[in-house]
Amino acid sequence: MFRLLLTDVDGVLTDGSLSFSAEGVETKTFHVRDGLGVRLWQRAGGRVGIVTGRASAVVERRAEELDIAIVKQAVKEKLAIVEDIAAAEGLSLAEIAYVGDDLPDLPVIRAVGFGAAVADAAPELCEAADYVTTLPGGRGAFREVVEKLLKDAGQWETATGPLHG
């Protein structure tokens, strides 16, 4: 099993829409199944991290809710940050899985051990990815990746144990 699962936010954990209140406060909508996907990955002993090009207080809040300690926002060069995370965690890039949706994710998808693209990702990302989800970003695609990785590693029953009795 991969030890670290990193993900983009906009277009993966959300549908990619940007919404602002009249006061200019950014809001995002997250799918509850993706949140459970984070928890299942953690139950199986994996860690989750966020690497996103935008900065948002909403992302910090969601990360706190899901006990995601690795949160890198306003990232310009994602691969450099992923390499830094790998070094800090004592991991090789081969031990990392990544989920993305657009061109800034492409160098990471090509470099890590397992790169996944959401169904509505940029064509270049889908072509380079090891796996393309059937679900679009913000609609359970992250959870779909978690299920695939856990099942491939023989960890699905361990992760879901009492959840599906």
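Laid out as a table, the results:
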{"item": "Residue in segment 44-51 that is in a helix (DSSP H, G or I) and either among the aliphatic types (A, V, I, L, M) or within 30 Å of G161 (Cβ to Cβ) (or both) present", "result": "no"}
{"item": "Contacts under 8 angstrom Cβ, first residue in segment 81-98 being farther than 11 Å from L4 by Cβ, partner in a helix (DSSP H, G or I) and of a type outside the set (A, V, I, L, M, F, W, C), 6 or more apart", "result": "none"}
{"item": "Segment 47-67 residues that are surrounded by 20 or more Cβ atoms within 10 Å (Cβ to Cβ), paired with ones that are of a type in the set (D, E) (beta carbon under 6 Å, 6 or more apart)", "result": "T52/D8"}
{"item": "Condition check for E83: under 19 Å from A111 (Cα atoms) and either assigned to a helix (DSSP H, G or I) or among the aromatic types (F, W, Y) (or both)", "result": "yes"}
{"item": "All positions within segment 129-165 that are among the small types (G, A, S), part of a loop (DSSP other than H, G, I, E, B) and more than 17 Å from G46 (Cβ to Cβ)", "result": "A129, G137, G138, G140, G165"}
{"item": "Matching residues, segment 72-88, being surrounded by 16 or more Cβ atoms within 10 Å (Cβ to Cβ) and among the hydrophobic types (A, V, I, L, M, F, W, C)", "result": "V75, L79, I81, V82, I85, A86"}
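Every number here is computed from the coordinates shown, using simple stated rules; none is lab data. Because the structure is a prediction, the values reported are computed rather than measured. Methodologically, a virtual Cβ is constructed for each residue, glycine included, from the backbone with ideal geometry; neighbour enumeration extends over all protein chains shown.
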